[in-house]
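Readers should treat all values here as calculations from the given coordinates under stated rules, not as data from a laboratory. All of these numbers come straight from a predicted model, not from anything done at the bench. So basically every Cβ, Gly included, is an ideal-geometry build from the backbone, and we count neighbours across all protein chains shown.
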Amino acid sequence: MTAVARTLAGLLLVAAVPFGTARAGLDEGLAALQRRDYAVAVKELRPLAERGNAEAQYRIGLMYEFGRGYPVDKAQGIAWFQKSAAQGHTAAQQELGVIYTTGDGVAKDDAKAVEWFRKAAAAGNPTAQYNLGLMIAKGAGVRQDYAQALDWFRKAGTQGFTFAQFKVGVAYENGAGVAADPVLAYANYAIAARDGNAEHVAQRDAQAARLTPAQAQRGAALAAAWNVGQPLPGGGAAGAAPRAKDRCSASGQLGGERFAATHCAVALYSDQHSVAIWFNEEAITPQEAERFGMSSYADGTKGGKPRTLLTIMFCPGGGKPAASPAAVKSIDLNTNHAKSALAGVQWLLEAPKDFKVEKLAGEVKPGGALSGKITGKRDSTSFTLEFDVTLPAKDAAAGMGCGK
């Protein structure tokens, strides 16, 4: 499958529903969609959408887009998707990505499509992860990078998205973004073929015919042992956990609440020579570090509970590879405090008013070393950040623009 995937098969796909205003009305509206009773769906969902319920806004957008309950009105559909997407609804973000990719009701814009896919993919939406992988593999709206595309396919495939699993098989068969490996190609094709798709089954069987009996047995064993939620055969740790020699600390006050963090993960966006660093109070798992390395996004919750963290995104060289204290003009700062939801901030800080780069050295490139110390204060938030880290070998899908 080479076309961009949609989250929607008609309007009957029922997603996990968040808690919101008038939950009963939301349930009734979704049930009405299931039985194709669009008049009732409009009656139940429209008031919720107008009051700001993201799920209802998304569903109303679909109804306008596909002419179910309303005459087809692409502009209205997009407007509702944008309202929902602004609240972090990943299916709405994913749908906007499809719309901009296809030019369905808007001017075709691959860069905007990538932007929307990236938001949803970073939040874990497997369809968006797959679509972002396609865009990166094609170089549509973003720099072509087979290895990075493969990483997104792996993420989606881990969640059971079979078209992404198939793409991982293609990558191993052809050596695209990874060393060619016929056994791993067969194992991933075999996993994808569980969905019964004729193309997936045919490719699995064709690949099996190219293997020796011992290779086929090994590949089949890898496929049989795989379950949803596990890494696909071949692994795929892009943006691995920080190396042992990496050192970092962050301390100060977040909205008046004290904090101290000694764990970090790093992301690199080498197109702009920008870097993101996540400082966390508790240990960061390898999976979290991988996700941050690919997306520059740190989740403020874990296991449903808030956690204390601070992330910065900045341009160590002002858009150039060589890091320099004087080159850093601004920092995108995001914080979260486990003890106080009001302590978190999202600020664009400016030098020298809000922060000072006391030292900074290194080269902003894949695998480069970066060390520094940054202090800052604004309102009741203050921080001292120290770091000595090795940058990831692969790019994140998002980063700060450095105005090159």
Rounded to the nearest 0.05, what FRET efficiency do Asp388 and Arg35 have when you use their Cβ-Cβ distance and R0 = 56 Å?
-> 0.40
Residue-by-residue Karplus 3J(HN,Hα) for region 364-375, coefficients 6.51, -1.76, 1.60, Hz, glycine and proline x = 8, 7, x, x, x, 9, 9, 9, x, 9, 10, 10
Taking Lys373 as the anchor, which aspartates and glutamates have their alpha carbon closer than 15 Å to its alpha carbon, excluding any fewer than eight residues away along the same chain?
-> Asp246, Asp354, Glu358, Glu386, Asp388
MRE, 222 nm, helices only [DSSP H, n ≥ 4, -39500 (n - 2.57), over the chain, to nearest 500] | -12500 deg cm²/dmol
How much length, in nm to one decimal, is gained on full extension between Tyr70 and Arg258, taken as 0.36 nm per residue of separation minus their Cα-Cα distance?
-> 62.4 nm
Neighbour net charge for Lys394 - beta-carbon separation under 9 angstrom, K R +1, D E -1 = -3
Would you kindly compute the Cα radius of gyration of region 23-142 and its largest Cα-Cα separation (Dmax), both in Å?
-> 14.6, 44
Just list whichever of Lys302/Lys359; Lys138/Lys302; Lys329/Lys377 have alpha carbons separated by over 24 Å in the model shown.
-> Lys302/Lys359; Lys138/Lys302
Long-range amide H partners of Val364 with built H, under 5 Å | Ala322, Ala323
What size of dipole, in debye to the nearest 20, comes out for region 247-390 about its Cα centre when the only charges are +1 on Lys and Arg C-beta atoms and -1 on Asp and Glu C-beta atoms?
-> 220
Expressed as a whole number of Å, what is the distance separating the alpha-carbon centroids of region 354-402 and region 63-85?
-> 41
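Starting from 0.36 nm per residue, how many nanometres of slack lie between Glu363 and Asp27 once their C-alpha separation is accounted for? Show your work: numbers first, answer last.
On the way: separation 336, 0.36 × 336 = 120.96 nm, distance 5.33 nm.
Additional length available on full extension: 115.6 nm.
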Distance from region 105-154 to region 181-220 (C-alpha centre basis), Å | 26
Just grab the label-to-label distance for Arg143 and Thr212, each label 7 Å out from Cα along the Cβ direction, in nm (one decimal).
-> 4.0
Please sort by residue number the trypsin sites (Lys or Arg not before Pro) in region 341-371 whose DSSP state is loop and whose Cβ has at most 15 other Cβ atoms within 10 Å.
-> Lys353
